[in-house]
1. Calculate what fraction, in whole %, of the accessible area of the chain sits on carbon and sulfur atoms when a 1.4 Å probe is rolled over the protein chains.
2. Report relative contact order for the range 77-230 in percent, whole number only (criteria: Cα-Cα under 8 Å, sequence separation at least 6).
3. Quick check: with the 1.4 Å probe, what order do ARG205, ARG177, ARG163, ARG104 take by accessible area, largest first?
4. Restricting to Cα pairs below 8 Å that are 6+ residues apart, what does the relative contact order work out to for the range 1-127? Please round to a whole percent.
5. Taking the alpha carbon gyration tensor of the chain, what are the square roots of 5 times its eigenvalues, largest first, to the nearest whole Å?
6. Compute the distribution of all C-alpha to C-alpha distances in the range 124-214, in bins of 10 Å from 0, and list the percent of pairs in each, rounded to whole numbers.
7. So how strong a dipole does the chain carry about its Cα centre when Lys and Arg Cβ are +1 and Asp and Glu Cβ are -1, to the nearest 20 debye?
8. Cα atoms only: what Rg and Dmax, in Å, come out for the range 108-170?
Amino acid sequence: PCIEIPDVLKELQDLAEAGGVYLITLGGGYDIVMSRPDPDTGDPMYGYVSYTKTGQDNWTDVDLTNINGMIYVNGSVNVSGVLDGRLTIAANATLNIVDDITYRGSDENGPLPDGDDILGLVAGSDVIVENNEANQNDLTIHGAIMALNQSFRVDGYNVGDPRGVLTIHGGIVQEFRGVVGTGYLQGDQVVPISGYTKDYHYDNRLRDMPPPGFFQTGNYKRLTWREVEA
């Protein structure tokens, strides 16, 4: 049966106002970068998330241990970087993925099974992979993606040359299925024409370690368990 997507934006906004970061735009949007390079040393600022109004270079750096893990943008937001911690980024408009989004606790196979980095990406409208220079040669996303009223999709999925592989370790919830690329079948293989080919993996850690503020369908709780014979 169909699973109704709950209206969680107001709850996430309340969390951000109560102990997170609440950003209001008067036109335009915000850029959010996780572990951005330190302006003095150039080293990644692990454990921090930074934001600025789009088009500006006036960054505010936030220690993730000083907030409840919730950032809410009343507008649109551009997201990228390496997460070291637990975080949910929500926007009541579009959420744009402008470069790789990965966990510090990961390797070439994805998030480490015992890692504690977890990310939620929530949009009131679309979650969009931008058609920019950074996203032309493969793209990796670690996180649970939720497009409440529209789709997770790729901008310009049907134009230009193939962009490689879109690798996701997490999950996708969307109102309407979005398109990420085009291609045709040749035997058992998909030959890409434009956009991305898919390499999607569910992050099993999400069952017991959801991002801050993330809903869990049915609000299941593990009360007891027992081993059974196979």
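1. C and S atoms contribute 47 percent here.
2. Contact order relative to length: 20 percent.
3. Output order, biggest surface exposure first: ARG177, ARG104, ARG205, ARG163.
4. Reported as a whole number, the value is 23 percent.
5. 26, 24, 19
6. Using 10 Å bins, I get a P(r) of 16, 44, 31, 8, 0 for the range 124-214.
7. 700
8. Spelled out, the Cα radius of gyration and Dmax of the range 108-170 are 13.1, 40 Å.
The values are calculated or read from the model by the stated rules, or taken from the named source; none is laboratory data. Remember, predicted model here, so these are calculated numbers, not experimental data. Backbone-built Cβ (ideal geometry, glycine too); neighbour counts: all protein chains shown. Areas reflect the complete protein model, heavy atoms only, side chains present, ligands, DNA and RNA absent. Shrake-Rupley method; radii C 1.70, N 1.55, O 1.52, S 1.80 Å.
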